[in-house]
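Each reported figure results from applying straightforward, stated rules to the coordinates on display, with no laboratory input. Computed from a predicted structure; not experimentally measured. Here Cβ is always computed from backbone atoms with ideal geometry, including for glycine, and neighbour counts include all displayed protein chains.
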Amino acid sequence: MSVAFDQQQEENISQINITPLVDVMLVLLVIFMVTAPILQQGVAVDLPQVTTGALESKEESLVVSLSREAKVHLNERAITLSDLQERLSEIAQKTPNRPVYLRADKGVPYGKVVEVMAVVRNAGIQKLGMVTEPLRDE
């Protein structure tokens with residue numbers, strides 16, 4: 001039995017098979033989606049220094065201050081962390097979108113600042129701002 005090949009039926013296909021290209025593209029997409037958040041966590045950023053004016057506020061500001069000795073104050077009144085959370089919880093129930101500003105001495109350990117921030121967040125305050133001094137020309 002011999003099979004006869006017809007020369008007219010044997011033509012080259014001039015189309016590109018893109019299925020493998022799509023597969024590679026999807027694999028690369030998944031790899032980039034997984035690695036992109038990891039790369040952004042450790043990026044060192046040199047922020048620009050600008051001069052800005054003070055923000056205008058219609059109501060009395062709530063300022064939580066953290067002194068160099070790691071003592072907590074709420075609007076110039078000394079307070080413990082548990083009392084701070086209770087007081088801010090009451091305020092958050094009355095006015096849920098009221099901002100609180102955190103003033104921390106630059107000599108205070110970072111862990112203590114984060115602890116105070118966690119107390120403020122656990123009290124139900126959604127808007128927490130950090131107070132800094134304007135840039136001085138040296």
If each Cα of segment 62-130 is one equal point scatterer, what is log10 of I(q)/I(0) from the Debye formula at q = 0.15, 0.19, 0.20, 0.26 Å⁻¹? -0.40, -0.65, -0.72, -1.21
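Neighbouring Cβ atoms within 10 Å as the yardstick, rank L21, L128 fewest first.
Details: L21 10, L128 14.
Least crowded to most crowded, the residues run L21, L128.
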How much length, in nm to one decimal, is gained on full extension between K94 and S61, taken as 0.36 nm per residue of separation minus their Cα-Cα distance? 10.4 nm
Suppose each label sits 7 Å from its Cα in the direction of the beta carbon; what would the K127-K106 distance come out to in nanometres? 2.8
